[in-house]
Amino acid sequence: MAGVLTTLDPTVPGAAVRRPGHRRGLGGALPAVPLLVVLGLLFVVPVAVVVGRSFTYPDGATLANYRTALTDPVARQFAWNTVRTALVVSVASCLLGYTYAYAMYRAGRTVRVLLLFCALLPFWTSLLVRSYAWTVLLRDRGVLNELLLQLGVIDAPLPLLRTSLAVTLGMTQILLPFVILPVYAAMTRFPPDLALAARSLGASRRRVFWEVFLPATMPGLVAGAVLAFILAVGYYITPVLLGGPGDQPIAVLIENAVQQRGDWGTAGALSTLVVVLVLALLALGWRFLAKGLLGARR
Amino acid sequence: MVQPERTAETPTTRAVGVSLRSVSKSYGATAVVRDLDLEVAPGEFVSMLGPSGSGKTTTLKMIAGFEQPGAGSVHFDGRDVTDLPPERRDVGVVFQNYSLFPHLDVGANVAFPLRMRRVPGQERAERVQRALEMVDLGGYERRRVAQLSGGQQQRVAIARAIVFEPRLLLMDEPLGALDRRLREAMQLEIKSLHERLGVTVVYVTHDQEEALTMSDRVVLFRDGAIEQHGSPREVYERPSTAFAADFLGDSLSISARLLPGGLLEVPGLPAQRFPLGTGMPVGPVRLMWRPHAVEVTAPSGLPAEFSADRLRIPVEVLAGGYAGDVTRLRVRFAWGDEGVVATPSRGIDHRRGSSVDLHLSLASAVLLPVQS
Amino acid sequence: MSAPARSDLAAAPADPVGPPPPGRPARRRRLRPGALPVAVIVILLVLPSLIVVPMSVSPGEILRFPPDGFSLDWYRTLFTEPQWTSAMLNSLQVALATTVLAVLIGAPAGLALGIREWRGRGLLLGLVLTPVVAPPVVVAIGMYTTYAQVELIGRWGLIAAHTVLAVPFVVVTVMSAARQIDPTWLDAARSLGASPLRVALTVLVPLAGKGIASGALFAFITSWDEVVVSLYLTDPGFKTLPVQMWNQLRERVDPTVAAVASVMLLITTSAMVAALVIGWRRDGAARENG
């Protein structure tokens, strides 16, 4: 079974192209030293300060802030909002992203380029503007409601803005490309011979998809899902602009603690918990993320 | 006064002698090259031959300056170049994967070393043209690298490596990616290029035929050390170990035993006086013959015989492979040893299971120590 | 996250599930059953980007369907009112400085990561990616409190922060471009007489040039579009465009934001279309010659 799985792994043929391992050791990292210094001073230190304050603010708090963060019902509510939204958005992004990437993969050249263009377009439009555009589309007198009213489908405007639906739509739109690109990359690495082999061994087209193609491209989907979930957990702008009171994420609570109460202890504890969650997910998904980034060449 | 022989294309001989002195190299805990000494004379064509992982390519990289020896030193004409970076060694290198720059056309690739040496434009163009003509690619300057076949790309790589008249040419399995016919044609071209340029060549290959065809001297590597070196004929006909015998080509060998008093015992036969004086200790040895030293005849039906310095032994044919002029037979002795012999493709029944007689002369046998 | 390689577009993958069973006539081109969901996803992807155009030219503050007129008032506001013009100039300054710094710091690391394999490579890449995945609010409050202590606020504070946030994109794009570079090309160049610096200039930069350029573009966009960290690091005298937009959006609906977005959309899509067309032509030419 393990042997079957490894031969289905799409990166295996490419992975055989090991780069010559000469000049190993730390010499290879030399050009990255400025980067390490900059990241260390300007990024790691600030995050470490926030984490540090969860233990030291106010004086001698040690673990008190974590007790608060974990037991406070408000914090729990916000944490649940965050995780629920991230889950819904990741699942939606995976379903839509895989469908879309598969359509790209199967399409002819022209359609593929167009689809790629559409997938990349959001990258080039301000995130703020896209969230704003959803408010224009979804508010009570917005484009969608007006359209439905004029068509006579509804009599009174539907409350669409400041709902979970609005947040889900807005964030899925933002995170979809992060799923589409790794999935599509995994599909292009799929050796077509594998499908032909499966057909010759008696599998129908449908079964080839479910039992060969999907498992082989799964690493790309996992990478996209992990990325989408991680990014969703930290999202701030979209839920604030589009969500209702029940959709406000933990980021808002952290910001309030700092801005309104100067409560660096609670903010630090909540931040630490989120960062730990994100890093844990990154570590779990790293195998798949790194495969796309460091894996087979050419 | 005797003028050294010169050809028109090489007004001056710029060949360099290379010596490696006690060179070692390891990656982490793995020793890749161990305490290696090697001398290459100016103008010599030396092949470094060995299985993959035997250290030959690493040795080449240390001569080129791509790798630093962990211990020991590299000398060109007696000058220590161990710490000289590759760009100042004046060494042409031809790589297995051609390593042509994909963003430059053929002409710009060949001109690259001249640009680095600030050769003025007019002269540069002339030298590029001459180098390309030398590899039969005159007029290809404007072609893109990707438009060329593998063989053409390798010629461009060679032109690029010789255009700046380096004193030493290093080739790392340069023909490894070509098909057999092209490879054989290129072997002869490289050989004639070597003769015309008079440059020192160090050539890495794992193909023993290639090494034997091309070189003045073959250096056989094994596990990071030199197993044996010498002229192609020496290493082929007089291998000093079973590994060298096996690696350099087909052979037939039988186990035997040296007895006190210069006697040799072959399985199933009475001991005979062995005509070659050897310094080998008493004990088990192997007797090895190259295919050309073995005569194959139709079976006589008589038992094995050991007389004067000749052996006649009936063997069983395990497989026969027709290879044009000769047929190669894989044979088995009654006591289990197997080997390969070649015989002219006529008159011999080489079906599986048939039997033939081998005639072996002790004078052409090589005595190999038995490995523990 | 990563720019798709041109080769991804060029390589037309064969039918992954194999040819249709024999004995059935080849299907005429017609809409596949999957076309509808894909169309819906396309609308989801592009609608928010495209809706801003009619918004920016409608006279009222509320966009109606059908539009109730045409007006360039919002563009006039954008290009005349000092709060908008200065915000744009500030953003431009910060984004350009960020791009230069991120490329100078990130490109060498990307090359080192992409060309050769060395121990600790995966770890470094993981570290490099953390600014992208770290929750922006956490990063923002951390930078706010530490940068303030060294008076790194306003213009230079924003440049520093944006460089950190943009550099991962440079590293990743340069790295994927550098994966196309065969390490023996570098050895070859050295043996032909090029010093390490000349190898970088004559071999590395030309070959990784596309990756460096798209990394720079990503860096610019990242800075140009960054809101959360900027909210903490701006000072009243130095606001960037997203900060100005955010303030406007929280107060009321301001179609000037739509005008900004339309201008940006025009610039970025035309750049993208140009890149696609150039790549397309080159691919076509390469195929004919190759």
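Scanning for something assigned by TED's automatic domain parsing to the domain that holds residue B:26 and farther than 28 Å from residue B:124 by Cα, does region B:164-172 turn up at least one residue? No - not one qualifying residue is present in region B:164-172. State whether the residues of region C:103-111 include one that is of a type in the set (A, V, I, L, M, F, W, C), within 7 Å of another protein chain (Cβ to nearest Cβ) and outside any helix (DSSP H, G or I). No.
Scanning region C:134-144 for residues that are more than 7 Å from chain A (Cβ to nearest Cβ) and surrounded by 24 or more Cβ atoms within 10 Å (Cβ to Cβ) yields a count of 1. Looking at C:40, C:57, just one residue is more than 24 Å from the chain's Cα centre (by Cα), modelled with pLDDT of 70 or more, under 22 Å from residue A:97 (Cβ atoms) and among the hydrophobic types (A, V, I, L, M, F, W, C), and that residue is C:40. Can you find a residue in region A:171-183 that is touching a residue at least 12 places away in the same chain (Cβ under 8 Å) and more than 18 Å from residue A:228 (Cβ to Cβ)? No, the conditions are met nowhere in region A:171-183. Scan (1) over 22 Å from residue B:62 (Cα atoms); (2) within 13 Å of chain C (Cβ to nearest Cβ) for the single condition residue B:137 breaks and write down its number. In the conditions (1) over 22 Å from residue B:62 (Cα atoms); (2) within 13 Å of chain C (Cβ to nearest Cβ), residue B:137 misses (2) alone.
Is region B:32-45 home to any residue that is of a type in the set (Gly, Ala, Ser), closer than 23 Å to residue B:229 by Cα and away from chain C (no Cβ under 12 Å)? Show your work before the answer.
Quick first cut of region B:32-45, residues of a type in the set (Gly, Ala, Ser) only: B:41, B:43.
Pick out the ones that are also closer than 23 Å to residue B:229 by Cα and you get B:41, B:43.
Next cut, away from chain C (no Cβ under 12 Å) only: B:41, B:43.
Scanning region B:32-45 turns up at least one residue that is of a type in the set (Gly, Ala, Ser), closer than 23 Å to residue B:229 by Cα and away from chain C (no Cβ under 12 Å).
Would it be correct to say that residue C:208 is more than 17 Å from the chain's Cα centre (by Cα), touching a residue at least 24 places away in the same chain (Cβ under 8 Å) and part of a helix (DSSP H, G or I)?
Values: more than 17 Å from the chain's Cα centre (by Cα): yes; touching a residue at least 24 places away in the same chain (Cβ under 8 Å): yes; part of a helix (DSSP H, G or I): yes.
Considered against the rule, which asks whether it is more than 17 Å from the chain's Cα centre (by Cα), touching a residue at least 24 places away in the same chain (Cβ under 8 Å) and part of a helix (DSSP H, G or I), residue C:208 comes out as yes.
Selection within region C:145-161: residues that are under 18 Å from residue C:98 (Cα atoms) and over 21 Å from the mean Cα position of the chain (by Cα). The member of this set that is surrounded by the fewest Cβ atoms within 10 Å (Cβ to Cβ) is C:156. Applying the condition of being at pLDDT below 90 and in contact with a Lys or Arg (Cβ under 7 Å, 6 or more places away or on another chain) to region C:170-198 and asking which residue is nearest to residue B:154 (Cα to Cα) yields C:183.
If only residues of region C:184-214 that are farther than 13 Å from residue C:115 by Cα and charged (D, E, K, R) are counted, the one that is nearest to the other protein chains (Cβ to nearest Cβ) is C:190. Quick test for you: out of B:114, B:132, pick the one residue that is assigned to a helix (DSSP H, G or I) and away from chain C (no Cβ under 14 Å). Being assigned to a helix (DSSP H, G or I) and away from chain C (no Cβ under 14 Å) holds for just one of B:114, B:132, which is B:132. Selection of region A:140-161 for residues being more than 7 Å from every other protein chain (Cβ to nearest Cβ), in contact (Cβ under 8 Å) with a residue 12 or more places away in the chain and farther than 26 Å from residue C:269 by Cβ yields A:140, A:145, A:157, A:158, A:159, A:160, A:161.
Could we say that residue A:47 is of a type outside the set (S, T, N, Q) and modelled with pLDDT of 90 or more here? Yes: the conditions hold for residue A:47. Every test in (1) of a type outside the set (Phe, Trp, Tyr); (2) in contact with a Phe, Trp or Tyr (Cβ under 6 Å, 6 or more places away or on another chain); (3) modelled with pLDDT under 85 is passed by residue C:99 save one, and that test is (3).
Number of residues in region C:157-203 that are out of contact with any helix residue (DSSP H, G or I) (no Cβ under 9 Å at 6 or more places or on another chain) and not hydroxyl-bearing (Ser, Thr, Tyr): the value is 2. Between a residue in region C:239-251 that is outside any helix (DSSP H, G or I) and any residue that is of a type in the set (Gly, Ala, Ser), which pairs come within a Cβ distance under 8 Å, given they are 6 or more apart or on different chains? Filtered contacts from region C:239-251: C:239/C:86; C:239/C:87; C:240/C:87; C:240/C:91; C:240/C:230.
Can you confirm whether residue A:188 is closer than 16 Å to residue A:95 by Cα and among the hydroxyl-bearing types (Ser, Thr, Tyr)? It would help to see each step written out before you state the result.
Details: closer than 16 Å to residue A:95 by Cα: no; among the hydroxyl-bearing types (Ser, Thr, Tyr): yes.
No; evaluated as a whole, the condition is false for this residue.
The values are calculated or read from the model by the stated rules, or taken from the named source; none is laboratory data. Note that the structure is predicted; figures quoted are calculated from it, not measured. Don't worry about glycine lacking a Cβ; one is built from the backbone with ideal geometry, like all the others, and counts go over all protein chains shown.
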